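**Q** Input: one structure, supplied below.
The values are calculated or read from the model by the stated rules, or taken from the named source; none is laboratory data. What you are looking at is a predicted structure, and each value in this text was computed from that prediction instead of being measured. Cβ: placed from backbone, ideal geometry, glycine included. Neighbour counts: every protein chain shown. For accessibility, only protein heavy atoms count, side chains too; no ligands or nucleic acids. Shrake-Rupley method; radii C 1.70, N 1.55, O 1.52, S 1.80 Å.
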Amino acid sequence: MTPLFWRALARHPLRHPWQLGLAILGIALVVVAVDLANASARRSFALAMERIAGQATHRIVGGVSGVAEAQYVQMRVEQALRPSAPVVTGYLPNADRPGQLLQILGIDPLAEAPFRHPAADLSGADFDIRALLINPAAALLPEALGEAVTVQHGEQRFTLHRAGTLRGPELDGLIITDISTAQTLLGMAGRLSHIDLILPDGAAGERQAEELRTKLPPGLRLERPDQRNQALADLSASFSLNLTAMSLLALIVGMFLIYNAMTFSIVQRRSLLGLLRALGVSRRELLIGVLGEALLLGLAGTLLGGVLGLWLGSALVHLVTRTINDLYYVLSVREFFIEPIALAKGAALGVLATLTAAWLPAREAADVPPGAALSRAHLESGWRASLPRFLLGGLILLAAGGLTLIFSLSLAGGFVGLFLLMIGCALLTPPIVVGLVGLNQRLTARCGLLARMANRDVARHLSRTGIAVAALMVAFSATVGVGVMVDSFRGGVAIWINDLLNADLYIAPAAIENGNHRTETLTPAALTALRNTPGIAAVSTYRAISVDLDGRPVVLIAVDLAPASQAGYRLIEGDAEAAWRAFQSGEAILISEPLAYRRGLSVGDELELPTDQGVRRFTIAGVFLDYGSEHGRILLHRAGYERYWHNPTVGSAAAFAAPGENLALLRERVQEQLGPMQSLLIRSSRAIQQRTLEIFDRTFTITQVLRVLAILVAVIGVLSALLALQLERAREFATLRAMGMTAREIGSLVLLQTGFMGAAAGLLAIPTGLLLASVLIFVINRRAFGWSLPLTVEPGLLLETLALAIGAALLAGLYPIWRMARTRPAEALRVE
Amino acid sequence: MHNSSAFIQIRRLTRRYLEGEQPRRIFTDLDLDIERGAFIALLGPSGCGKSTLLNLLSGIDLPDAGLIEINGCSLTEMNEAERTRFRRRHIGFVFQFFNLIPTLTVEENLFLPLELNGLISAEQRDRALELLDHVGLGERRNSFPERLSGGEQQRLAIARALVHGPLLLLADEPTGNLDAATGTRILELLLKLHRQAGTTIIMVTHSQEVAGRADRILTLDAGRIQELAR
Amino acid sequence: MSLHRRFFLTGLLVLGFSVALTMLLFRATPKPPESIAVGAALGGAEQAGYQRAYQPRPFHFPADHGPHPEFRNEWWYVTGNLADASGRPFGYQLTLFRIALSPDPPAADSAWRTHQVYMGHFALTDVAGEQHHGFERFSRSALGLAGAQAAPFRVWLEDWQLSGSATDALPMRVRARQGGIAVDLTLQAGKPLVLQGDRGLSQKSAEPGNASYYYSYTRLPTQGVVELNGRIFTVRGSSWLDREWSTSALGPEQSGWDWFALQLDDGRDLMFYRLRHRDGGMDAFSKGVLVDAHGQARGLRREDVELQPLGEWISRRTGDRYPAGWRLRLPGESLDLTITPKVADQEMRLTVHYWEGAVTVTGRAGENKIQGQGYLEMTRYPSAAGR
């Protein structure tokens, strides 16, 4: 291939780089950003875990409240178990910087030697270990926090002063204190988070671990931190998967747009290609030439997308970690880590997607016969002739997608099915567009010439409009699908939480509130005072503790429910009356739907739970609807909790007012009665519901962001496609002008046409989006989280989508109109 | 020479273009009268402004100075919308490159000016189809322009230019892109229609032979118009 | 053991505490404490707020076997020479140091919070195997992890501990284990308690208050077991207990010390510490005590003693140079003793480096040959590289 050949070929895309470039850029951007955000979150997590675990090979963990410190003393003094180190850790909000959680790592510096070695340069003059030990306000602070920091625990504030500096950005969210300070800060007097151990490798270590296990009192477990970390890391796996799926959706949209842009650039150069063929360029050379061109543009777009992706990713990582913090565990690190793998993956996907999407157009280019280029009309009739193939292909893909959904069981299978359906719908789009044009023909028969021309043009230019409409349709159906899913989810959660939180007041200790973790408990005195407060008709108590099921933490809630509270739980399996009766004994449990789904459990099965008395079997009396945790929750009657766990406590209580009580007054009374005993948070169910929905909305912020990104990519792509389509017709418009058509009329023609395409895409996006939503709700969410959601369709969302689609398409018409108004038809006519 | 009642009156017409920084005068203070029903051939070397004159006459282009009056209507005093309406109603255009609308069928291309003028009665349609028969494309009414030969395309273009009964037909080298025989046939067709409808025709051409068939031959050179004596 | 060494060790501890813990905590490359400017570190050790030893005080037992937390430093220092039935010799050391981080107790916000920290050094010398094993521990005096009490007598750092009866420190059980190295010994009263210095007040420099309260049991018949990498030896021998508490520091001109605790086979015990000047000379506050077979003690001043290092041993591990032996003469007693380490390398390579180990004594008392054994401590000898 000669340089001239390349030059001839390349001049076109170089003059119109935005068509293809934008689409590729969009792909790379989304893929890179999502990947990096995910990877950063994972990395933060790993760092946080490593920071806590250090060199420990094992750790002794307890139940809800950790490990009694006496256990450590006993092990250390009587069993001489070493190296061992006590750890008290938790998270506290930075009072100076709202929203920032700081990890408090309380250690015993005197036992610490073999365990952790933060990358801290402590030879500095400010390092004062004496202060660290004896001064309750001394801490090793990261450089970023300055000389002092104030943390908040409930209503209490503690100001910590620097007694040493932790250096390194990965330590930015970390505060190291003496264990005594950490206990005070975190309200963990007498308790440890865990005891770290270093056992030897190999058989000796195994033996020692076994021996240790037998010596451990009930309620304590020996575990390997890496296993636990894995289990914790798995917690958010489905969340990451969902994010990845969103970015794949953007990828599909992007591929359609690349295909569109490539096809378009080939079509525009048909005569040039024919000429090149006539001059002796072979079919193969042409194919390679066009693919090479796509590859170059793909690389350029990917590079740029990568750079923008980095920027976007650093913005997204905040959202991702916040969601993870809300839902799973606390990540204090919010660093943005640039993972080369993520970049490479983004680049590979960008280039691969480009080549895949460019393959068909390149083949088409190679098929151009030598000599005179085929006419547009010929091309268009070819397209029309292949409509049945589109129809057939689309139907086959739909069937394949449906079958995949039905017969696969995995989440991945669900995604495959979803994407088959999407592509099937996209393939069906051109035939449907032609059908719509036919339908429209009858409708516009009585309308003006312009309407008819606009309508017919869509079908006549099918090679361009079909793809554009399909791409727009895919993009908008994705937004409809995701939007409906989120609405459905929110609707389900709102109803669920409304049923569940039906008491008048909720009383909890003013403790750290982060996600599901609540360490403080309601004192018995406060509880008694609550029950005795005049105007309180009934009280339910709750205590959420974390139990390990096969190494995975699951929340167990020990409850003593007032009848009204009980009614708030919706049993979806099992005879409600019998279930509740069995439940009262404390020997039967109710499990949440996700738990039942994940473990294939149903009523009558038994579940083994680790209790403080060792492992006990509980019968499953019922399955309840629950969106509280994707990992499942277990409801146990307080009687069982008191029987099998040491030191039973109450975490929070719900109070029902006697009929006719003024709630505001009652709340004041409760505050008066209980306030002197304990610092409490007294909230109405409404407040909690609002908070729940706030967290819910925060969780889906990232989904919304990706959704908007997908729309953006689609709108930009479609804009460029329609733009090119209209600009190509400049001479046609000039002719019409010469024939006496006003600029305004031609403008209407353009707008009618792009508007029609937008409307077609928007209309088609609605059923496709609903299909997508159904799959997301009934297949993907079920498989990923195990919960069933009611399909809730907000008409507003559908209208919004339609409006957005038409709006984007109309927008795409404005520039050609503006340009046309600025060029004199005389000049356009002259150009050949 | 100046006739204040002529069908087309051009007075002191000036048009210049900017070529870079330098203004290029196409013509200055051009005066011309054309009688109703005349068949005018306009000769001149490339770039002398023949097409510009046609564009000015159709109101697509505007002069820098001067006056154009067609059938008593002052084109130069109309605004853009009025000029467009005037063009739509009273002017037909035939281009060197046919400029048919590729996505409309033969029949649709033909009906386009009628529809633009809102003339959609059955009678007019019949007349239009008659015209199509007349130009020999009656059998091709549902074809797309690309399926037609060059001569056929130009015949369709002529039919399209006349279908709404314009006062003035402007033809910009209608035979320039055709072989000699086809060109002759197109010229014959134009002459025939001219005689039948009495439409005033101004035709830009390079061909002396084509020009020879016209009522008057004007040459445009260096911004000046001259009438060739016959 | 000699007060100075305790004295010095504590000084070292206080000064080196931050360094030591930094290394502990963050596993920095262990650096010999010599790399820290001694004066600066010593000067940094706050003395204000603590009680100091200005004048002799009455001792009350068993109360004074227990801790004196109002003083900054305190130690219980046990060393001894042992042998099994076949005569296989062992030496051992178990020292528990109490260090106050502040004069007053901190806020009692958590059970872990305390200003009292304990450090333990435990060593076993296997003379036959020419091995010396030294270990170190730290713990805070909280939650029963470490501490000291007079009645019943008990001083412990996790499972390293000294314990006595409800009314007295003696007989004392000494237990310590680290991995396969352990001792479990019972120490019986041999001679009465000796008050060192001026009725128990041991002046370390001219500065008033720079002194300690110091008493010793110089001869404690010992029996029990020694465990060496899983092998258990039943042993007998003789131990020495030093008790000292103070809020003192080295004087600016004092650079280190050598401390001798010798038990002679004629029934006499000799303690002497030499405070070294930077120029190598002996400080005027160097002193000792000679206890006769009946327990009668006589103070020794610097002038009473002639000390001469014999040869040099260079630690291959730290590069520090120590005298390879000593000649100690008490001209007034016609004593001429040669002191030889039982194992050359008895260096304690812990957060603080020093040499402490079992020694053999040979020599003459007047015309008679005399033998004995004991413990020798040598501190703050600069490394070879440092010279």
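**Q** Give the residue, chosen from B:Thr184, B:Thr175, B:Thr219, that is hydroxyl-bearing (Ser, Thr, Tyr) and under 30 Å from B:Arg125 (Cβ atoms).
**A** B:Thr175
**Q** Another question, if that's okay. Please go through the range B:105-132 and pick out each residue that is within 13 Å of chain A (Cβ to nearest Cβ), open to solvent by less than 30 Å² (accessible area, probe 1.4 Å) and in contact with a helix residue (DSSP H, G or I) (Cβ under 7 Å, 6 or more places away or on another chain).
**A** Of everything in the range B:105-132, those that are within 13 Å of chain A (Cβ to nearest Cβ), open to solvent by less than 30 Å² (accessible area, probe 1.4 Å) and in contact with a helix residue (DSSP H, G or I) (Cβ under 7 Å, 6 or more places away or on another chain) turn out to be B:Val106, B:Asn109, B:Leu110, B:Phe111, B:Leu112, B:Pro113, B:Leu114, B:Leu116.
This table checks each residue for (1) buried (at least 18 other Cβ atoms within 10 Å of the Cβ); (2) among the basic types (Lys, Arg); (3) in a helix (DSSP H, G or I).
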site: A:Val151; (1), (2), (3): yes, no, no
site: A:Phe158; (1), (2), (3): yes, no, no
site: A:Ile175; (1), (2), (3): yes, no, no
site: A:Thr181; (1), (2), (3): yes, no, yes
site: A:Leu199; (1), (2), (3): yes, no, no
site: A:Ala204; (1), (2), (3): no, no, yes
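**Q** Would you check which residues across the range C:324-345 are touching a Ser or Thr at 6+ places or on another chain (Cβ under 6 Å) and either closer than 14 Å to C:Gly288 by Cβ or of a type in the set (S, T, N, Q) (or both) and list them?
**A** C:Thr338, C:Thr340
**Q** Out of the residues in the range C:150-176 that are more than 19 Å from the chain's Cα centre (by Cα) and within 14 Å of another protein chain (Cβ to nearest Cβ), which is surrounded by the fewest Cβ atoms within 10 Å (Cβ to Cβ)?
**A** C:Asp159
**Q** Provide a single number: the residues in the range A:590-635 that are under 20 Å from A:Asp499 (Cβ atoms) and aliphatic (A, V, I, L, M).
**A** Within the range A:590-635, residues that are under 20 Å from A:Asp499 (Cβ atoms) and aliphatic (A, V, I, L, M) number 9.
**Q** Right, here's the next one. Just to check your reading of the model, which residue among A:Glu112, A:Glu170 is touching a Leu at 6+ places or on another chain (Cβ under 6 Å), at pLDDT below 80 and either part of a strand (DSSP E or B) or more than 10 Å from chain C (Cβ to nearest Cβ) (or both)?
**A** Numbers: A:Glu112 fails: either part of a strand (DSSP E or B) or more than 10 Å from chain C (Cβ to nearest Cβ) (or both).
The unique qualifying residue is A:Glu170.
**Q** Another question about this same structure. Please go through (1) more than 16 Å from B:Asn177 (Cα to Cα); (2) assigned to a loop (DSSP other than H, G, I, E, B) for B:Gln96 and return the number of the only condition it doesn't satisfy.
**A** It is condition (1) that B:Gln96 fails.
**Q** Here's something else I'd like to know. If you check A:Ala784 against the conditions, is it modelled with pLDDT under 80 and farther than 27 Å from B:Leu104 by Cα?
**A** yes
**Q** Now a separate question. Go through the range A:630-706 and tell me which helices (runs of 4 or more DSSP H), entirely inside it, have 3 or more residues that are open to solvent by 50 Å² or more (accessible area, probe 1.4 Å) and not aliphatic (A, V, I, L, M).
**A** Qualifying helices (runs of 4 or more DSSP H): A:663-674, A:685-699.
**Q** Right, something else. Please indicate, with yes or no, whether at least one residue in the range B:66-81 is within 12 Å of another protein chain (Cβ to nearest Cβ), crowded, with 18+ Cβ neighbours inside 10 Å, without any contact (Cβ under 8 Å) to a residue 60 or more places away in the chain and within 18 Å of the chain's Cα centre (by Cα). Give the steps one after another, and end with the answer.
**A** Quick first cut of the range B:66-81, residues within 12 Å of another protein chain (Cβ to nearest Cβ) only: B:79-81.
Those left that are additionally crowded, with 18+ Cβ neighbours inside 10 Å: none.
No, the range B:66-81 contains no residue that is within 12 Å of another protein chain (Cβ to nearest Cβ), crowded, with 18+ Cβ neighbours inside 10 Å, without any contact (Cβ under 8 Å) to a residue 60 or more places away in the chain and within 18 Å of the chain's Cα centre (by Cα).
**Q** In addition: Consider A:Ala578 carefully, then state whether it is under 24 Å from A:Leu789 (Cβ atoms) and at pLDDT 85 or above. Can you show your working first?
**A** On the way: under 24 Å from A:Leu789 (Cβ atoms): no; at pLDDT 85 or above: yes.
Taking the combined requirement at face value, the residue does not satisfy it.
**Q** Is one or more of the residues making up the range A:574-590 at negative phi, β-branched (Val, Ile, Thr), open to solvent by less than 20 Å² (accessible area, probe 1.4 Å) and not in a helix (DSSP H, G or I)?
**A** Looking through the range A:574-590, at least one residue is at negative phi, β-branched (Val, Ile, Thr), open to solvent by less than 20 Å² (accessible area, probe 1.4 Å) and not in a helix (DSSP H, G or I).
**Q** Moving on. Given the condition under 30 Å from B:Leu162 (Cα atoms), open to solvent by 10 Å² or more (accessible area, probe 1.4 Å) and of a type in the set (Val, Ile, Thr), answer yes or no: does some residue in the range A:772-795 qualify?
**A** Scanning the range A:772-795 turns up no residue that is under 30 Å from B:Leu162 (Cα atoms), open to solvent by 10 Å² or more (accessible area, probe 1.4 Å) and of a type in the set (Val, Ile, Thr).
**Q** Conditions: (1) at the interface with chain C (Cβ under 8 Å from one of its Cβ atoms); (2) closer than 26 Å to A:Asp548 by Cα. A:Val67 meets all but one. Number of the miss?
**A** (1)
**Q** Starting from the range C:88-111, take each residue that is within 14 Å of chain A (Cβ to nearest Cβ) and list its partners that are surrounded by fewer than 17 Cβ atoms within 10 Å (Cβ to Cβ) and among the aliphatic types (A, V, I, L, M), counting only C-beta distances under 9 angstrom and pairs at least six apart or across chains.
**A** C:Pro103/C:Ala48; C:Asp109/A:Ala189; C:Ser110/A:Ala189; C:Ala111/A:Ala189
**Q** Here is a check on your reading of the model: is A:Arg643 farther than 26 Å from A:Phe256 by Cα and modelled with pLDDT of 80 or more?
**A** Spelling it out, A:Arg643 is indeed farther than 26 Å from A:Phe256 by Cα and modelled with pLDDT of 80 or more.
**Q** Can you name every one of the strands (runs of 3 or more DSSP E) wholly within the range B:134-230 that holds 1 or more residues which are under 17 Å from the mean Cα position of the chain (by Cα) and touching a residue at least 24 places away in the same chain (Cβ under 8 Å)?
**A** B:168-172, B:200-204, B:216-221
**Q** Would you please name the residue that is modelled with the lowest pLDDT, looking only at residues in the range C:257-292 that are farther than 20 Å from C:Val359 by Cβ and hydrophobic (A, V, I, L, M, F, W, C)?
**A** Among residues in the range C:257-292 that are farther than 20 Å from C:Val359 by Cβ and hydrophobic (A, V, I, L, M, F, W, C), the one modelled with the lowest pLDDT is C:Ala284.
**Q** Further, regarding this structure: For A:Phe656, all conditions in the list (1) out of contact with any strand residue (DSSP E or B) (no Cβ under 7 Å at 6 or more places or on another chain); (2) at pLDDT 85 or above; (3) hydrophobic (A, V, I, L, M, F, W, C) hold save one; what is the number of the exception?
**A** Tallying (1) out of contact with any strand residue (DSSP E or B) (no Cβ under 7 Å at 6 or more places or on another chain); (2) at pLDDT 85 or above; (3) hydrophobic (A, V, I, L, M, F, W, C), A:Phe656 fails exactly one: (1).
**Q** Given the range B:5-52, what strands (runs of 3 or more DSSP E) lie entirely inside it while holding 1 or more residues that are over 18 Å from the mean Cα position of the chain (by Cα) and among the basic types (Lys, Arg)?
**A** Correct list: B:8-19, B:22-34.
**Q** Does A:Ala144 satisfy the condition of being hydrophobic (A, V, I, L, M, F, W, C), over 32 Å from the mean Cα position of the chain (by Cα) and either more than 11 Å from every other protein chain (Cβ to nearest Cβ) or surrounded by fewer than 23 Cβ atoms within 10 Å (Cβ to Cβ) (or both)?
**A** No, not satisfied.
**Q** Something else: Go over the candidates A:Leu763, A:Leu751, A:Leu719 one by one and state the one that is open to solvent by 10 Å² or more (accessible area, probe 1.4 Å), away from chain B (no Cβ under 14 Å) and modelled with pLDDT under 80. Show your work before the answer.
**A** Details: A:Leu763 fails: modelled with pLDDT under 80; A:Leu751 fails: modelled with pLDDT under 80.
Just one listed residue meets the conditions, A:Leu719.
**Q** Now, a different point. So the check is Cβ under 8 Å with 6+ separation or different chains; which pairs have a first residue in the range C:126-140 that's within 14 Å of chain A (Cβ to nearest Cβ) and a second one that's among the acidic types (Asp, Glu)?
**A** C:Arg137/C:Glu158; C:Ser139/C:Glu158; C:Arg140/A:Asp108
**Q** Under the condition of being among the small types (Gly, Ala, Ser) and within 14 Å of another protein chain (Cβ to nearest Cβ), which residue from the range A:449-479 is surrounded by the fewest Cβ atoms within 10 Å (Cβ to Cβ)?
**A** Filtering the range A:449-479 down to residues among the small types (Gly, Ala, Ser) leaves A:451, A:454, A:459, A:463, A:466, A:468, A:470-471, A:475, A:477-478.
Subsequent filtering for residues that are within 14 Å of another protein chain (Cβ to nearest Cβ) retains A:451, A:454, A:459, A:463.
Numbers: A:Ala451: 20, A:Ala454: 23, A:Ala459: 22, A:Ser463: 22.
Among those that are among the small types (Gly, Ala, Ser) and within 14 Å of another protein chain (Cβ to nearest Cβ), it is A:Ala451.
**Q** Also: Out of everything in the range C:183-192 that is assigned to a strand (DSSP E or B) and buried (at least 19 other Cβ atoms within 10 Å of the Cβ), what residue ends up being farthest from the other protein chains (Cβ to nearest Cβ)?
**A** By that ranking, first place goes to C:Leu187.
**Q** Where the second residue is in a strand (DSSP E or B) and the first is on the phi > 0 side of the Ramachandran plot and lies in the range B:23-40, which pairs have Cβ atoms under 8 Å and are six or more apart or on separate chains?
**A** Every condition considered, the pairs that remain are B:Asp29/B:Arg12; B:Asp29/B:Leu13; B:Asp29/B:Thr14; B:Asp29/B:Gly66; B:Gly37/B:Thr200.
**Q** Something else about it: Select, from B:Thr200, B:Thr182, B:Thr219, the only residue that is in contact with a Phe, Trp or Tyr (Cβ under 9 Å, 6 or more places away or on another chain) and of a type in the set (Ser, Thr, Tyr).
**A** That would be B:Thr200, the only listed residue that is in contact with a Phe, Trp or Tyr (Cβ under 9 Å, 6 or more places away or on another chain) and of a type in the set (Ser, Thr, Tyr).
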